[in-house]
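Take a look at the structure set out below.
The values are calculated or read from the model by the stated rules, or taken from the named source; none is laboratory data. What you see is a predicted model, and the numbers here were worked out from it, not measured in a lab. Don't worry about glycine lacking a Cβ; one is built from the backbone with ideal geometry, like all the others, and counts go over all protein chains shown.
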Amino acid sequence: MVLFVGLGNPGSQYENTRHNIGFKVIDKLVNDFSARDISKTSFQGKLYRASNSLFLKPTTFMNLSGKSVQSVKNFFKIDLEDLIVIHDDIDLPFGAVRFKRGGGHGGHNGLRSIDSHITKEYLRVRIGVGKPEHKSQVADYVLHDFSEEESKVQDKLIAHVAEACKLLVTEDLNEVKSKYSLKSIDGLNI
């Protein structure tokens, strides 16, 4: 069983924010697989299943994502190597896509929460959202909607990441890295 976790915040006011790109990828995967909703209150998130894949959108708000991930991981006895977390990354330019196992949280509160609940040796799919000019603007930046320019290409970026996620289940990580890593949105040939 593989557990895909998309990070984000619940509620319509956050729906199209940079912080919610993980949720958007999960929505695409749920749609592509016609996954069914198997949510329970104890999971503290929206959980969907399609054959041997689970798709989770924690509803705990970003800073407490680890509670939801731990609950689902324990319930389904998911191994760490079968946990894939999809999240926004301000240290990458908009549209960059990177894959890595383990590592630090880089100040990302969702990752910090997951690390504290289950350790940090899970696979991360990092989606670049760019960064503001000043460090003091980070919280405001990630909680704002994508710019008009970014919104125009967002669907293609989400589709690209979803395809990579599908292959992570069957192919070697290095194979997926070589096919799907992007330096920026320009790598999508839009």
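Out of the residues in the range 108-162 that are hydroxyl-bearing (Ser, Thr, Tyr) and not in a helix (DSSP H, G or I), state the one that is surrounded by the most Cβ atoms within 10 Å (Cβ to Cβ). This residue is 122. The residues of the range 78-96 that are touching a Ser or Thr at 6+ places or on another chain (Cβ under 7 Å) and crowded, with 22+ Cβ neighbours inside 10 Å amount to a single one, 95. Among the residues of the range 15-66, the one identified as among the aromatic types (Phe, Trp, Tyr), touching a residue at least 24 places away in the same chain (Cβ under 8 Å), outside any helix (DSSP H, G or I) and surrounded by 19 or more Cβ atoms within 10 Å (Cβ to Cβ) is 55. Would it be correct to say that residue 99 is touching a residue at least 60 places away in the same chain (Cβ under 8 Å), in a loop (DSSP other than H, G, I, E, B) and surrounded by 18 or more Cβ atoms within 10 Å (Cβ to Cβ)? Considered against the rule, which asks whether it is touching a residue at least 60 places away in the same chain (Cβ under 8 Å), in a loop (DSSP other than H, G, I, E, B) and surrounded by 18 or more Cβ atoms within 10 Å (Cβ to Cβ), residue 99 comes out as no.
Candidates 151, 116: the one that is of a type in the set (S, T, N, Q) and closer than 16 Å to residue 62 by Cβ is 116. Would you call residue 69 modelled with pLDDT of 95 or more, buried (at least 22 other Cβ atoms within 10 Å of the Cβ) and closer than 20 Å to residue 169 by Cα? Against the criterion (modelled with pLDDT of 95 or more, buried (at least 22 other Cβ atoms within 10 Å of the Cβ) and closer than 20 Å to residue 169 by Cα), residue 69 qualifies.
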